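K.L.:
I'd like to ask some things about the structure below.
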Amino acid sequence: MLSSLLNPSFSTLTPKTKPKPIDSIHTNKRSVFVIVRCTSSSSITNNHSPLPPNDYHRRTTDNIKDEARRHPSAAHNFTAKYVPFNAGFDSSESYSLDEIVYRSNSGGLLDVQHDMVALKRFSGEYWRSLFDSRVGKTTWPYGSGVWSKKEWVLPEIDPDHIVSAFEGNSNLFWAERFGKQFVGMNDLWVKHCGISHTGSFKDLGMTVLVSQVNRLRKMNRPVFGVGCASTGDTSAALSAYCASAGIPSIVFLPANKISTAQLIQPVSNGALVLSIDTDFDGCMKLIREITSELPIYLANSLNSLRLEGQKTAAIEILQQFNWEVPDWVVVPGGNLGNIYAFYKGFKMCQDLGLVDKIPRLVCAQAANANPLYLYYKTGWKEFQPVKANSTFASAIQIGDPVSIDRAVYALKHSDGIVEEATEEELMDAMAQADSTGMFICPHTGVALTALIKLRNSGVIGPSDRVVVVSTAHGLKFTQSKIDYHSGSIPGMGRFANPLVSVKADFGSVMDVLKDFLLSKAPKYK
């Protein structure tokens, strides 16, 4: 079993016990660093925080991976494995993460379960300090917001096999003006997961999945390529990380249903792009059939490895609030893996003593693709897939979500709520957010609509701390914004800001500017 390589000059993996024996001390004129050895679990006591990071300089001949190899950390016993969804670590059915398996014996979903007993040997204070010590660093691989939580993600992978663009660590934006002007709140935040390598939150999961594929290929397992069905962002993330690792990627896209900006990403990264005359659900059916016959690794969120990376965004939110738990987190939902990933991240922090509660979760769906919302409205009595209709929130245009059971579990265990947004509501919310300095995707417009509805109904209070998860960068959806502001969408444009055509003379420009400035003049009391 490969052990994790924690860089000891960056942080030490020290259980709840007295300081460990020092193996050696290296010195030179510029720096001092210490290598620490972990002793056996028999010497565990209670609260011991990690040593502060040591400052030393990399050899000029080293890259960051060379540096990680030269300073291997102490070994540890952390493990993770696949078990049937909602089964414990001790389930009678389990699989190594090195096995290529996507479903349980019964045909149900699998989940990655960690050895919580081993993780609980370390205090919540320890984990908080360790994770905080890695933020903003360039030490491999911990500069990534995902891999800074490596022990909770893929504990056994060798850092040499990790494929990372130092994703994560995304901006948590205080939406001051939007909160005050449109929802009457002072503590509204937007987690910009779309400020990432390929412009969406999918990078968080794909770094984990492609890293594991890279490990399997290094182990000479028969994995010739990686494939996915996608409404855009998954294909972009997959193709980018595969290109970085030199792994062939194949993507199935529904023809004429994704933006040009999304389509060109896998094309540019060298993926084999198949444009198929069907919707996402049809593409998903095909890719599952293909991967069962060919040595192509399935990269959709049916594969629970993706969720291990996505859950780190929840841990980041807690870090960014100095480990204070927000009241609500609102997440757009399509294939529904992400809402469970956020629940899983928050729940691990609670179970391991980093926080004492979890936030209430809201899953926001487009009304044109709302099977979870309809299920919720029945009191979770009857789930029926739907035929997803066209929506500007194209990445969540999914009528038969793979992770429906995961989502329901997360919502039930977080006292959660499901809301929906019509096309006009989501586009108006996007325009309102953009008018306050954001530049969001339509999916975030869905989440903001859910927030507005829950504020108007009094479910969310004016002083509640709320985080809205923004899943993709607005630059991927410029055409929908152009159409909205130009009046090209029938029945829409309440908050449109169209271009103003002006003659090229001083008087005409002055007339327009005077009208504009008068309309914006401050209203003094």
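K.L.:
What is the calculated FRET efficiency for residue 503 to residue 268, with r their C-beta to C-beta distance and R₀ = 51 Å, to the nearest 0.05?
P.N.:
Taking R0 as 51 Å, the efficiency between residue 503 and residue 268 is 0.80.
K.L.:
How much length, in nm to one decimal, is gained on full extension between residue 518 and residue 292, taken as 0.36 nm per residue of separation minus their Cα-Cα distance?
P.N.:
Roughly 74.8 nm would be gained on extension.
K.L.:
Quick one: which residues, 5+ away or cross-chain, put their amide H under 5 Å from the amide H of residue 355? H built at 1.01 Å from N.
P.N.:
Those lying under 5 Å, H to H, from residue 355 are 350.
K.L.:
Can you list residues from other chains, or at least 5 along the same chain, whose modelled amide H is less than 5 Å from the amide H of residue 193?
P.N.:
470
K.L.:
For the chain, what is the calculated [θ] at 222 nm in deg cm²/dmol (nearest 500), taking -39500 (n - 2.57) for each run of four or more DSSP H residues and dividing by its residue count? List each step's numbers first, then the result.
P.N.:
Numbers: 16 runs with 172 residues, N = 525.
Result for the chain, helices only: -10000 deg cm²/dmol.
K.L.:
Sort 494, 69, 465 by accessible area with a 1.4 Å probe, largest first.
P.N.:
Greatest to least solvent exposure: 494, 69, 465.
K.L.:
Something else now. Can you give the convex hull volume of the alpha carbon atoms of segment 402-525 per residue, in Å³?
P.N.:
Values: hull volume 21.3 nm³, N = 124.
Normalising the Cα hull of segment 402-525 by residue number yields 172 Å³.
K.L.:
Could you give the size of the charge dipole of segment 149-224 about its Cα centre, using +1 on the Cβ of each K and R and -1 on the Cβ of each D and E, expressed in debye and rounded to the nearest 20?
P.N.:
200 debye
K.L.:
Further, regarding this structure: Take residue 324, project a point 7 Å from its Cα along the Cβ direction, then tell me which residues of segment 433-465 have their backbone nitrogen under 11 Å from it.
P.N.:
465
K.L.:
Given the Cα-Cα distance of residue 479 and residue 387 and 0.36 nm per residue of separation, how much length would full extension add, in nm?
P.N.:
30.7 nm
K.L.:
Based on the Cβ-Cβ distance of residue 93 and residue 412, what FRET efficiency does E = 1/(1 + (r/R0)^6) give at R0 = 35 Å, to the nearest 0.05?
P.N.:
0.90
K.L.:
Over the alpha-carbon set of segment 308-374, divide Rg by the Kirkwood Rh and report the Rg/Rh ratio to two decimals.
P.N.:
1.02
K.L.:
P(r) tail for the chain, what percent of Cα pairs lie past 42 Å?
P.N.:
22 percent
K.L.:
Okay, next question. Given a Förster radius of 60 Å and the C-beta distance between residue 459 and residue 138 as r, what FRET efficiency does 1/(1 + (r/R0)^6) yield to the nearest 0.05?
P.N.:
The pair residue 459/residue 138 has a calculated efficiency of 0.90.
K.L.:
Would you rank 147, 323 by solvent-accessible area, highest first, keeping every protein chain in place and using a 1.4 Å probe?
P.N.:
Descending order: 323, 147.
K.L.:
Just to be sure I follow: if Rg is taken over the C-alpha atoms of segment 165-242 and Rh is the Kirkwood radius over the same atoms, what is Rg/Rh?
P.N.:
1.19
K.L.:
Hey, another quick one. Residue 106 versus residue 186, label points 7 Å from Cα toward the beta carbon: distance in nm?
P.N.:
Inter-label distance under the simple model: 5.0 nm.
K.L.:
State log₁₀ I(q)/I(0) for segment 227-276 at q = 0.13 Å⁻¹ as given by the Debye formula over alpha-carbon point scatterers of equal weight, solvent excluded.
P.N.:
The Debye formula, applied to the Cα set alone, gives -0.22.
K.L.:
If you don't mind, another one. Using θ = phi - 60° and the Karplus form 6.51 cos²θ - 1.76 cosθ + 1.60, what ³J(HN,Hα) does each residue of segment 391-400 get, whole Hz, x for Gly and Pro?
P.N.:
Going residue by residue, I get 9, 4, 7, 5, 5, 10, 7, 9, x, 10 Hz, with x marking Gly and Pro.
K.L.:
Rounded, prolate or oblate: which one fits segment 101-178, using the alpha carbon gyration tensor with axes a ≥ b ≥ c (rounded when a/c is under 1.5, else prolate when a/b beats b/c, else oblate)?
P.N.:
On the way: a/c = 1.59, a/b = 1.39, b/c = 1.15.
Prolate shape, in that a/c is at least 1.5 and a/b is the bigger ratio.
K.L.:
Can you list residues from other chains, or at least 5 along the same chain, whose modelled amide H is less than 5 Å from the amide H of residue 440?
P.N.:
Amide H neighbours of residue 440, under 5 Å, 5+ apart: 434.
The values are calculated or read from the model by the stated rules, or taken from the named source; none is laboratory data. Bear in mind that the values here come from a model prediction, so they are computed numbers and not experimental data. FYI the Cβ positions are ideal-geometry reconstructions off the backbone, even for glycines, and counts take in every protein chain you see. The protein model used for the area step is the full one, side chains on, heavy atoms only, and it has no ligands, DNA or RNA in it. Shrake-Rupley method; radii C 1.70, N 1.55, O 1.52, S 1.80 Å.
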